[in-house]
1. Can you list the lysines whose alpha carbon sits under 30 Å from that of Lys435, skipping same-chain ones fewer than 8 residues off?
2. Could you provide, to the nearest whole Å², the per residue accessible area of the stretch 315-472 with probe 1.4 Å?
3. Sorted from largest down, give the three principal axis spans of the alpha carbons of the stretch 97-214, whole angstrom values.
4. Given contacts defined as C-alpha pairs under 8 Å and at least six residues apart, what's the relative contact order of the chain, whole-number percent?
5. Can you compute the modelled spin-label distance between Asp381 and Thr143, with each label point 7 Å from Cα toward Cβ, in nm?
6. Give me the angle, in degrees from 0 to 90, between the Cα long axis of helix 435-444 and the longest principal axis of the Cα atoms of the chain, rounded to the nearest 10.
7. Reachable lysines from Lys49, Cα under 17 Å, same-chain residues fewer than 8 places away excluded?
8. Could you state the angle between the C-alpha long axis of helix 416-428 and the longest principal axis of the C-alpha atoms of the chain, as a value from 0 to 90 degrees rounded to the nearest 10?
Amino acid sequence: MRSNSDIIRASYEAFHHRDHKTALAAFAPDIEWTHPDGMVDYGLGGTKKGHEEILAFMARARTVFSELRPDPQEFIEQGDRVVVFGVHYMCGARSGRSGTVPFVHSWRLARGLATHFTDIHDTALVRRIVEGDKSPVAELLETHDGYIRAHVVRLVAELKVGDLIGDGARDVAELATATATDSRALFRLLRTATGFGLMAEPAPGRFALTEIGAPLRSDHPLSVRSIMVIGGGLFGRVFSDAEHSLRTGEPAFPKTFGLPLFAYLQQNPEVGAVFNTSMAEFSRLETGGLVTAYDFSAFSGRRIVDVGGGDGTLICAVLDAVTEATGVVFDQPEVADAARERIAAAGLGERCTVESGDFFSAVPTGGDLYILKWIIHDWPDEQALAILRNCRRAMAPGGRLLLVEQVVPEGDTPHRGKVMDFTMLVVLGGRERTKAEYSALLAAAGLRLERVLDGPMDSSILEALPDGGGPP
Ligand SMILES: C[S@@+](CC[C@H](N)C(=O)[O-])C[C@H]1O[C@@H](n2cnc3c(N)ncnc32)[C@H](O)[C@@H]1O
C-alpha cells in the first residue's frame, strides 16, 4: 500500500507535468486548499475548496508567474499528516524577475485522499519577485492603463458577468448569449480582466471569478458592482469633460449631461437607483468601522437624524449598535422608498422613520445627533454652509453633529481624499477639505469642531458641538 508521503509526492510530480487529472485524483472532492493571505492582492490568497477552485487557482497563478515550479525536498509523515519542506522556483509574469522562495506545505489525508493543504512561505519575497523594480516609465504607463482597467471592470459589472458566473466557471459562449455580446469580443474583454486579476480562465474559453473579482457579484456581502458601474460609466463620461472644470472651476457634469448630478438622477430614476445602490455599497464597506470608531452608546434613548442618508444603510447599522435610539433618514423624495424598504428589511420600522425634503430649506428638527456622511463634500462652501446652518437650527439643546468625510492632509502626503477631491470638483463642484477648512466652515455655521476621529477606509469622523452663541 502506498504511504501518504508517496501519494503527495506523486501529486507534485503530476502537477509538474501539468497532468492535473492525475494530481487531482489524489485529492478529496471537497479538499481545502489554503495559501497565505499576503497573496490576496494577486487573487491567490485564502482558502479554495474543491477541484474546480484549485484549477481556477492554477490558471490564475499562471497569469501572475511565468514560471512556478515547486521542488519538494523533504517529506515528514506522521499519522494523517505529511509536511513537506522545499523551494519554489518562480518568475514574475510582468516583472520578468525570478527567484527561489522556501516553502512549508502541510497536508492532511483521509483514506488515501488529501483533504487539506496549507502553503506557508514568505509573501514579501514573492511580492518582490512579482512586482520587480518598476522603472519610472513603467509606473507612468501603469497609471495610464488605469482608465482601461476602469472600463474593463465597469463593463464586466454592467453586463453582470459575475452574477452569471456565480461560484463556478462558465463558457464564454454561454456568457455571450446571456449578455447579448459578441462571443469573440467578450472573450477578449474577460481575458483582459484575467490580466487585471479579476478573473481566472481555468480552461480555454471558460471563466471564473477570482477573490478580487468576486465583489462584482450583486449578491456578494461586500458587493461593489454598482460603484464600478457609476464610477467607470456615469462619472467616466464626465471625466472626459474634466478640462471644463479646470478652465472654469465649475463641475463638468452639467456640460456632459445637461443637468447637475442630483437633478439628472431625479430625471433618470433607473440611473438614480444604481447611484443610490453604489452609495449604499460604499456605506456597507464602512458601517462596521464607523460604529466601532465612534461611541454611539451616548445616544441611547435619543433621536438620530441621518441627513442625506440615502437608502438608510448607515442609520440601520447605527440603530443596531444603539438599541434604544430612534432614527430618521432624511433625503430627497426619490430616495425615500429605497430607504423605507431597507429599514423594513432590517426590522427597524418601529424605530426609524423616513422624511423627505430639501436640506437647503430645512432638516428634521429635535435631533440629538445629526449625521452627514459624504454630504458636505458634495457642495462648495456657500451651499455646504446652508446645510450646516439648517442642522444647527434644527438641533435639540445639547445636540451634536457628525461629519463623515475624507479629511485631506496638508502637503503632498498621498491620500484617497485627494482623488475624491478632484472627483468632487468634476462631478459636483464640491470639494474635500482639510481639518482647518472644516473647522472654519463649522464655525461659520455656529458649530465648534470638537474632535476628529479616524474612521474606516481613509475616512474621518468630525464631531461638532453648538458654539455658545446659538444659531447664526
Ligand atoms: C453622496 S450621497 C451620500 C449618501 C449617504 N449619506 C451615504 O453616505 O451613503 C448624497 C445624498 O444627498 C442626497 N441629496 C442631494 N441633494 C439633496 C437635497 N437637496 N436635499 C436632501 N438630500 C439631498 C442625495 O439624494 C444622496 O442620497
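The values are calculated or read from the model by the stated rules, or taken from the named source; none is laboratory data. Only a predicted model underlies this, so the values are computations on that prediction, with no experimental measurement involved. Glycine also receives a Cβ, built like all others from the backbone with ideal geometry; neighbour counts cover every protein chain displayed. Accessible surface areas use protein heavy atoms only, side chains included; no ligands, DNA or RNA. Shrake-Rupley method; radii C 1.70, N 1.55, O 1.52, S 1.80 Å.
1. Once the sequence-local lysines are set aside, what remains near Lys435 is Lys373, Lys418.
2. On the way: 6760 Å² over 158 residues.
Spelled out: the 1.4 Å probe surface of the stretch 315-472, per residue, equals 43 Å².
3. 50, 46, 20
4. Values: 901 pairs, mean separation 42.9, N = 472.
Contact order relative to length: 9 percent.
5. Those two pseudo-labels are separated by 3.0 nm.
6. 20 degrees
7. Within the straight-line cut-off, Lys49 pairs with Lys21.
8. Compared with the principal axis, the helix lies near 60 degrees.
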